[in-house]
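Structure first, then comments.
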Amino acid sequence: MPYAGGEVQETNIGLTPGLVTNYEQGAAWKSREVGKMLTKILEDKGIVILSLVWQAGAAASRAKGLKIRGSSREMDMMLKAAGTSVISLPSNEIYAAMQTGAMDATYTSSTSFISFKIEERSKNFTTGRTNAYWFMLETLMMSKQIFDGLPKAQQDMLMQIGGELEKFATDAAKADDKLAADV
């Protein structure tokens, strides 16, 4: 969902800086009006949310950067307003862009920071271990058409497992925040 904004504009809410500042606030979306509205919008587009998880965003730089990957339309707008040059590229290209000097800084999840070894190209790092001004909404989704075609018992099981995965995924995201800081 984080990168579906071009298809469903409302999903950009999941990458909006300053909207969610800690894991507890993000988890509360499930029962709050904003979460219910997002669920309804996606259902109208043929998508069922099985789990709703937030992951803290982190910032890494190789210099006092002028060329930055923001990771979302809203983040890019904020960075442009601050006078930076925004680079658009997928997470798996961050390392090469920082290595060649095509990019000086990036915003990405702690998990991406670790898996793409961005620390090898960074001099500075800010993690979202406690609070952050940017969180990424990560969801487990399924086709509503297929979901609706399942027997009720299977639908209930999928929703139960999706709910159980939220705690697992949040705990894993928090562990990655710590690991990224340690790295």
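The values are calculated or read from the model by the stated rules, or taken from the named source; none is laboratory data. Since the model is a prediction, treat every value here as computed from it, not as a measurement. Heads up, the Cβs are rebuilt from the backbone with ideal geometry, glycines too, and the neighbour counts pull from every protein chain shown. We work out accessible area using only protein heavy atoms, side chains counted, and drop any ligands, DNA or RNA first. Shrake-Rupley method; radii C 1.70, N 1.55, O 1.52, S 1.80 Å.
Tabulated data
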| read-out | value |
| --- | --- |
| Dipole magnitude (debye, nearest 20) for the chain, charges at Cβ of Lys, Arg, Asp, Glu | 460 debye |
| Fraction of the pair-distance distribution of segment 81-122 above 14 Å, Cα-Cα pairs, percent | 42 percent |
| Within straight-line cross-link reach of Lys178, lysines at Cα separation under 23 Å, skipping those fewer than 8 residues along the same chain | Lys117, Lys123, Lys167 |
| Extension gain, Thr100 back to Arg73 (0.36 nm per residue minus Cα-Cα distance, nm) | 7.3 nm |
| Fraction of accessible area attributable to carbon and sulfur, segment 109-183 (%, probe 1.4 Å) | 58 percent |
| Gain on full stretching of the segment that runs from Asp156 to Val34 - 0.36 nm per residue minus C-alpha separation | 41.6 nm |
| Helix-only CD estimate at 222 nm, as mean residue ellipticity for the chain, using -39500 (n - 2.57) per DSSP H run (n ≥ 4) | -12500 deg cm²/dmol |
| Where Cα atoms sit under 17 Å apart: lysine pairs in segment 1-94 separated by 8 or more or lying on different chains | 4 |
| Solvent-accessible area per residue, Å², over the chain with all protein chains present [probe radius 1.4 Å] | 53 Å² |
| Using alpha carbons only: equivalent-ellipsoid semi-axes of segment 1-99, gyration tensor based, whole Å | 28, 15, 13 |
